[in-house]
1. What is the Cα centroid distance between the range 56-75 and the range 83-108, reported in whole angstrom?
2. Mind ranking 50-58, 73-81 by how tightly packed they are, going by the mean number of other C-beta atoms within 10 angstrom, highest first?
3. Under a point spin-label approximation (7 Å from Cα along Cα-to-Cβ), what is the ALA37-ILE76 distance to one decimal in nm?
4. Working with all protein chains in place, sort LEU62, LEU114 by solvent-accessible area computed with a 1.4 Å probe, largest first.
5. Please work out the FRET efficiency for the pair LEU85 and THR57, using the Cβ-Cβ distance as r and a Förster radius of 41 Å; give the result to the nearest 0.05.
Amino acid sequence: MAHAAPRPQIMPGQRPDSIRVSGGRAHAVAKLAGPIALGLVYGYWAAANQRYGGPLTGWNILFGFLTALVFAVLCIALLNVASKLRREVHAVLWGAFSGAAIGFLVNQSHTSVLRSAALGVAVAAGVFAFLFYRYYTHEDAQGHHTE
């Protein structure tokens with residue numbers, strides 16, 4: 001006799017056609033581990049730019065860790081807050097964060113403020129355009145995924 005296959009349980013907020021690869025705890029850990037890892041890379045990069053090939057000092061290490069901490073905290077805050085906003089504001093926040101991050105990195109490499117500002121604005125505009133297009137084509141006006 002043929003038996004029907006058991007139906008998988010659908011978690012709140014999950015689409016019926018999506019597949020859960022790992023549990024909620026793994027997603028929560030990844031939501032923290034990703035920004036922290038990116039923050040450490042960003043902090044090292046900023047400290048290396050500021051050092052400009054000179055000797056490694058305690059102040060340089062402190063600068064790198066503080067930069068990593070600020071970057072990770074802002075990234076985690078954006079991950080938690082931005083997805084609840086309208087698609088336009090969501091794209092603006094990520095564009096501003098990206099532009100400010102790149103502008104700060106360029107500024108640490110002893111270039112002019114105008115160059116770092118120009119690169120920051122260019123990156124912010126590019127990230128905004130990309131994310132706005134993505135959110136506009138994948139979400140409705142209320143922020144619900146259409147795919």
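The values are calculated or read from the model by the stated rules, or taken from the named source; none is laboratory data. No experiment lies behind these values; they were computed from the predicted model shown. Glycine also receives a Cβ, built like all others from the backbone with ideal geometry; neighbour counts cover every protein chain displayed. To get the accessible areas, we keep the full protein, side chains included, count just its heavy atoms, and leave off ligands, DNA and RNA. Shrake-Rupley method; radii C 1.70, N 1.55, O 1.52, S 1.80 Å.
1. 19
2. On the way: 50-58: 10.3, 73-81: 14.2.
Most protected by this proxy first, the peptides run 73-81, 50-58.
3. 1.6
4. Largest accessible area first, the residues go LEU114, LEU62.
5. The computed FRET efficiency comes out at 0.50.
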